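Single-structure report; data block below.
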Amino acid sequence: MRKIAASELLINDDGSIFHLHLQPCDLADKVILVGDPGRVELVASFFDTVERRVENREFVTVVGTYRGTRFTVVSTGIGTDNIDIVLNELDALANIDFSRREVRKELRSLSIVRLGTTGAVQPDMELGSCVMSVVSLGLDSVLYYYAEAEKIRDKGLEEAFIAHTGWNDVFSRPYAVYADKGLVKSFGEMARPGITVSAVGFYAPQGRMLRLQPVISDMIEKFEHFSYNGLRITNIEMESSAVAALSALMGHKAVTLCTVIAQRSAESSDVDYGEAVKGMVKSALAILSR
């Protein structure tokens, strides 16, 4: 069996993984990912018990229980590049023997739920509502650095999106990956299903203009009018594609849920969205602890 080199799997002196500073014993079967480090404490505020808090850079973790179910809550920061770090290190904690530096013979599958914020594309989506990424359409290129990406992509959706938008080939080719069907079914009662676009930035990559002109000036209009197999593009954010893709490649179950804090079609926003996010967290924990 292949030994994983010290330069590939970095382990700290205390036996924790390099960026997250977590040890294998810190990893619950159910993982909640949030972007904002401050949101980790919001999730943990609902816990009945807290057994551990760990912090390194933007990666803050709390391990605890809610209604008898153990959770690991991790902040990822912003962007799919950070998701690449977090998902690989969570999988290493689950499926690599650190002492032997070998992949375990029996692999562990995690349930991973990202709870984030997003901008809505459809005009009938209200601020404060919750949306679920049944499909994530990645405009980043993270997935293409991994072998066997072909197995998890919906090329039909990709081609339809490229044709509909006249996608510029100077950008990375979009990739489409589905969330776990079981998790999608579980959260169907609390969130609107749709296609989520994961952008590589917040401003021009999401069609916003401050002083610099975006290359795609009608991005939101194009996204609003795209549909595939009964699903419309509901929202834009910056992480769901890598969460869905890497989880699927590694054999984990994953889905992204987001609270709408900006309405792109109506050109409105709500920067005081704390209560709406709190409601999403509370509902998600209740469903995950059933």
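Step by step: first the residues of region 1-12, then only those that are assigned to a loop (DSSP other than H, G, I, E, B) and buried (at least 16 other Cβ atoms within 10 Å of the Cβ), then the one that is nearest to the chain's Cα centre (by Cα). Which residue is that? Going through the qualifying residues, I end up with Leu9. Starting from region 113-141, take each residue that is at positive phi and list its partners that are among the charged types (D, E, K, R) and surrounded by fewer than 24 Cβ atoms within 10 Å (Cβ to Cβ), counting only C-beta distances under 7 angstrom and pairs at least six apart or across chains. If the second residue must be among the charged types (D, E, K, R) and surrounded by fewer than 24 Cβ atoms within 10 Å (Cβ to Cβ), the pairs left are Gly128/Asp270. The set of residues in region 216-272 being surrounded by fewer than 18 Cβ atoms within 10 Å (Cβ to Cβ) and in a loop (DSSP other than H, G, I, E, B) consists of Ser217, Asp218, His225, Asn229, Gly230, Gly251, Ser265, Ala266, Glu267, Asp270, Val271, Asp272. Screening region 13-72 for strands (runs of 3 or more DSSP E) wholly inside it with 1 or more residues that are among the β-branched types (Val, Ile, Thr), touching a Ser or Thr at 6+ places or on another chain (Cβ under 8 Å) and touching a residue at least 40 places away in the same chain (Cβ under 8 Å) returns the ranges 30-34, 59-66. If the condition is being in contact with a Ser or Thr (Cβ under 9 Å, 6 or more places away or on another chain) and surrounded by fewer than 18 Cβ atoms within 10 Å (Cβ to Cβ), then region 130-159 contributes Ser141, Tyr144. Just one of the listed residues (Ser75, Ser16, Ser109) is buried (at least 22 other Cβ atoms within 10 Å of the Cβ), at negative phi and not β-branched (Val, Ile, Thr), and it is Ser75. Of the residues making up region 152-202, those that are assigned to a helix (DSSP H, G or I) and free of Cβ contacts under 8 Å to residues at least 60 places away in the same chain are Lys155, Glu158, Glu159, Ile162, Ala163, Lys181, Lys185. One residue is enough: does region 210-217 have a residue meeting the conditions over 14 Å from the mean Cα position of the chain (by Cα) and in contact (Cβ under 8 Å) with a residue 12 or more places away in the chain? Yes, region 210-217 has at least one match. Going by what's in this entry, would Ala179 be described as touching a Pro at 6+ places or on another chain (Cβ under 7 Å), at pLDDT 95 or above and either under 22 Å from Asp36 (Cα atoms) or open to solvent by less than 20 Å² (accessible area, probe 1.4 Å) (or both)? Here the answer is no, as Ala179 does not meet what is asked.
The values are calculated or read from the model by the stated rules, or taken from the named source; none is laboratory data. Quantities reported herein were computed from a predicted structural model and do not represent experimental measurements. Every residue, glycine among them, receives a Cβ derived from its backbone with ideal geometry; neighbour counts consider all protein chains shown. Each accessible area value is taken on the protein alone, full model and side chains, heavy atoms only, with ligands, DNA and RNA left out. Shrake-Rupley method; radii C 1.70, N 1.55, O 1.52, S 1.80 Å.
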